[in-house]
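The structure appears below as C-alpha cells.
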Amino acid sequence: MTAPILSVDDLRVSFPTPHGELHAVRGISFNVAEGQVFGIVGESGCGKSVTGRAILGLVPPPGRIVGGRICYRGEDLAAKSEPAMRGLRGRRIAMVFQDPAAALNPLFTVGSQIVAVMRQHRIAKGGHARRRAVDLMGELGLPRPEDVFDRYPHQLSGGMQQRIMLCMALAAEPDLIIADEATTALDVTIQAQILELLSTMQRRRSLTLVFITHDLGLVAEICDHVAVLYMGRIVEEGDPESIFHKTRHPYTEGLLAALPSGQTWREPLNVIPGSVPSGTAHITGCSFAPRCASVMPRCSTTEPPDVRFAGSHRAACHLYGDDAVPGETP
Ligand code: SF4
C-alpha cells in the first residue's frame, strides 16, 4: 500500500458522564489508501460516528480525544489549532451528515449555502461562484438547478436536501469525504440514488471516501475495504470478499446472520442475543464475550490478539491466536 491519505493510530475518545467516563472509542487503528472507499460499520453506539467526527476535530463537548494520532497526508490533525482545522474542514476533508434537514441552515437559500463554502475557502465568489454552484447542482442531478438555487431547505424533499449537502461537501474540491450515515434518513429508493451518486462522484473525482454506516448491505455495494466496530474497537477488517465470505469474528458472523434474507413476515429475524454493555463499563478481555456463542474462559480475562489472515484481513479473537487450543470449547 502506498502512503495512506488517512492514518488513525490507537485513537481513543471519551465522554465524562455522571456514571463515569464513557469510552466511545477504545483504541482503534486503520489506514485509508488514496482513492479507496473505506467502510466503517457497526451497531448504534459502537463509536463509528464519533470516529468520523474525531477525524475532523468535531467531537461534541464534553467529549474529547484522550489518546492516539490522526494523520492526514502525514500531518498530525490533533496537533493543529482550531483556525487551522477550520481551513482544512470542507477544503481538504469534507463531511456529509445523516440528517440534511438539521445540517442545512433554514434561514438561507440552498444555493447561497453552497456559495458560502466556496467563498470561505476562496474557491470562487460573486457570479462565478453562483455559476459553479448551479453547475455542481446539475451534476448532482438536481432538476432545474437555477430555480433550486434560490429555494430554502424546507422547500426541498429529503433526497434533494441530501444532494445539496453533497454539493456543499464537493464545493471546495476536497480529496477526502467522510459520509456519516449519509443515506440512513432517506427512503429506500432515494437511498439507492444517493448511494449511486456518491459512488459516481467518488470515481469521477478520484475521491477517497470514508463511508460510515450501520448497514452491512450498503457496505457490500460500495466499499473496497471494511472495518467492523464493536464497542469502540475494530473487531474485524478486510476487503468485502473476506468480510462477507471468509468471516472470522463471531460478531461479524452475527451481523451477517441478522441481515434479512427473504423471510416471510411470519418468520422472526435473526438477532445477536443480549445487548451492548454500557460504554462506561470497565472491560477486561473481549468486549463481545457476554454475547458470544463461542466464548471461552480466557475471553473474559485476556484481551484478544489481533490475528492477521490473507491480504489485509484481520480479526481480534482468541479463536485464532497462537495460543488457540484446537477443540477448546466454551
Ligand atoms: Fe468470542 Fe472469545 Fe472471540 Fe471474543 S475472543 S469473539 S468472546 S471467541
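Would you work out which of Leu170, Leu256, Gly47 lies farthest towards the positive end of the dipole of the chain, given +1 charges on the beta-carbon of Lys and Arg and -1 on that of Asp and Glu, about the Cα centre?
So the residue we want is Leu170.
If you count the DSSP beta bridges with both ends in the chain, what percent of them are antiparallel, to the nearest 5? Don't skip to the answer; put the middle values down first.
Values: 29 of 48 bridges.
Restricted to the chain, the bridges split so that about 60 percent are antiparallel.
Could you give each residue of the range 116-125 its phi-based ³J(HN,Hα) in whole Hz, using Karplus coefficients 6.51, -1.76, 1.60 with θ = phi - 60°, and x for Gly or Pro?
4, 5, 5, 5, 4, 9, 6, 7, 6, 8
Return the FRET efficiency for the residue pair Asn270, Asp99: r is the Cβ-Cβ distance, R0 is 22 Å, and the value is rounded to the nearest 0.05. If you can, show how the numbers build up before the last one.
Numbers: r = 29 Å, r/R0 = 1.32.
For R0 = 22 Å, the calculated efficiency reads 0.15.
Computed FRET efficiency, Cβ-Cβ of Glu196 and Val66, R0 41 Å: what is it to the nearest 0.05?
Values: r = 39 Å, r/R0 = 0.94.
Using R0 = 41 Å, I get an efficiency of 0.60.
Could you work out how much longer the chain between Gln155 and Asp135 gets when fully extended? Use 0.36 nm per residue separation minus the Cα distance between them, nm to one decimal.
Net length gain for the segment: 5.2 nm.
Kindly put Lys48, Lys125 in sequence by how many other C-beta atoms sit within 10 Å of each C-beta, fewest to most.
Starting with the residue having the fewest Cβ neighbours, the order is Lys125, Lys48.
Pulled fully out, how much extra length does the chain show between Asp224 and Ser44, if you take 0.36 nm times their separation in residues and subtract their Cα-Cα distance?
Result for the pair: 62.6 nm of gain on full extension.
Mind checking the angle between helix 126-139 and the chain's longest principal axis? C-alpha axes, 0 to 90 degrees, to the nearest 10.
Approximately 50 degrees, to the nearest ten.
For Glu82 and Leu107, FRET efficiency with R0 = 30 Å and r from the beta-carbon atoms, rounded to 0.05?
Given R0 = 30 Å and the Cβ-Cβ separation, E is 0.75.
What is the range 49-152 by shape, rounded, prolate or oblate, if you read a ≥ b ≥ c off the alpha carbon gyration tensor as root eigenvalues and call it rounded for a/c under 1.5, prolate for a/b larger than b/c, and oblate otherwise?
prolate
Using Cα centres only, tell me the gap between the range 104-174 and the range 21-39 in whole Å.
A separation of 30 Å, based on Cα centres.
Using the per-residue mean of other Cβ atoms lying within 10 Å as a proxy for protection, in what order, highest first, do the peptides 165-174, 307-316 fall?
165-174, 307-316
Report, in degrees rounded to the nearest 10, the 0 to 90 angle that the Cα long axis of helix 158-170 makes with the longest principal axis of the chain.
The helix 158-170 is inclined about 80 degrees to the chain.
Name the shape class, rounded, prolate or oblate, that the alpha-carbon gyration tensor gives for the chain, where a ≥ b ≥ c are the square roots of its eigenvalues, rounded holds for a/c under 1.5, and otherwise prolate holds if a/b is larger than b/c and oblate otherwise.
Prolate.
All of the numbers you see were taken from the coordinates with simple rules; none came from a lab. The structure presented is a predicted model; accordingly, all values stated were derived computationally and were not measured. Note: ideal-geometry Cβ built from the backbone for every residue, glycine included; neighbour counts use all protein chains shown.
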